[in-house]
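Have a look at the structure that comes next, please.
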Amino acid sequence: MDGSGYHRGVSGAMLSTPARLLAAADVYHAMLQPRPYREARTPDAAAGVLRAEVDAGWLDGDAVDAILAVAGHAPSRPRATAGPSGLTAREADVLGLLAQGMSNKAMASTLGISAKTVGNHVEHIYTKLGVNNRAGAALRAMEYGMVGATPNLA
């Protein structure tokens with residue numbers, strides 16, 4: 001998701017769903033293979049690494065969940081959708097604040113999360129809404145009646 005490992009640093013909203021799935025599948029498969037410098041990881045250990053890479057912002061959470069589901073792993077956490085276009089509750093909170101013109105740093109402070117996490121949510125929002133900038137996302141938020149919505153701070 002951050003562009004490392006992809007041609008010309010393509011990242012975030014520029015990555016197609018198949019590219020996100022391929023990245024997650026490639027990482028998972030590579031960890032199951034023995035390497036000269038390490039033994040093959042167990043499927044559960046590989047799943048743990050993938051989930052950590054989602055938390056770090058390197059892999060797409062939905063793509064990792066899909067790959068792990070196909071590989072027979074239980075979901076890491078339920079992904080509740082509370083917003084339009086399949087947005088999670090937290091993404092809906094971020095979109096509402098984004099539409100108010102807040103910076104990532106200000107949203108992070110309001111929501112009690114890191115600015116990097118906000119950035120990851122913004123990238124997911126762009127993908128799910130089919131937009132590629134803040135103006136497009138803010139327009140969608142207005143269409144959905146989300147401007148001025150109170151975020152869930154729990």
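The values are calculated or read from the model by the stated rules, or taken from the named source; none is laboratory data. The structure presented is a predicted model; accordingly, all values stated were derived computationally and were not measured. When we count neighbours, we look across all protein chains shown, and the Cβ atoms used for this are built from the backbone with ideal geometry, even at glycine.
So if I check each of 59, 32, which one is at pLDDT 90 or above and either touching a strand residue (DSSP E or B) at 6+ places or on another chain (Cβ under 8 Å) or at negative phi (or both)? Full working, then the answer.
Numbers: 59 fails: at pLDDT 90 or above.
Criteria check complete, one pass: 32.
Further question on the same structure: Report yes if residue 89 is out of contact with any Cys (no Cβ under 7 Å at 6 or more places or on another chain), surrounded by 14 or more Cβ atoms within 10 Å (Cβ to Cβ), at pLDDT below 90 and closer than 29 Å to residue 142 by Cα, otherwise no.
Details: out of contact with any Cys (no Cβ under 7 Å at 6 or more places or on another chain): yes; surrounded by 14 or more Cβ atoms within 10 Å (Cβ to Cβ): yes; at pLDDT below 90: yes; closer than 29 Å to residue 142 by Cα: yes.
Spelling it out, residue 89 is indeed out of contact with any Cys (no Cβ under 7 Å at 6 or more places or on another chain), surrounded by 14 or more Cβ atoms within 10 Å (Cβ to Cβ), at pLDDT below 90 and closer than 29 Å to residue 142 by Cα.
Condition check: modelled with pLDDT of 90 or more and outside the structural domain of residue 16 (by TED's automatic domain parsing). Does residue 148 satisfy that?
Working: modelled with pLDDT of 90 or more: no; outside the structural domain of residue 16 (by TED's automatic domain parsing): yes.
The answer is no for residue 148.
Go over the candidates 120, 104 one by one and state the one that is surrounded by 23 or more Cβ atoms within 10 Å (Cβ to Cβ), under 23 Å from residue 53 (Cα atoms) and of a type in the set (S, T, N, Q). Full working, then the answer.
Details: 104 fails: surrounded by 23 or more Cβ atoms within 10 Å (Cβ to Cβ).
Exactly one of 120, 104 is surrounded by 23 or more Cβ atoms within 10 Å (Cβ to Cβ), under 23 Å from residue 53 (Cα atoms) and of a type in the set (S, T, N, Q), namely 120.
Quick check on this structure: which one of 116, 128 is assigned to a helix (DSSP H, G or I) and touching a Ser or Thr at 6+ places or on another chain (Cβ under 7 Å)? Please lay out each step first, then the result.
On the way: 116 fails: touching a Ser or Thr at 6+ places or on another chain (Cβ under 7 Å).
Unique residue meeting the criteria: 128.
For a quick check of your reading of the model, give me the residue pairs whose first member lies in segment 110-131 and is in the same structural domain as residue 57 (by TED's automatic domain parsing) and closer than 15 Å to residue 17 by Cβ, whose second is surrounded by 16 or more Cβ atoms within 10 Å (Cβ to Cβ) and modelled with pLDDT of 90 or more, with beta-carbon atoms closer than 7 Å and at least 6 apart or on different chains.
Qualifying pairs under 7 Å: none.
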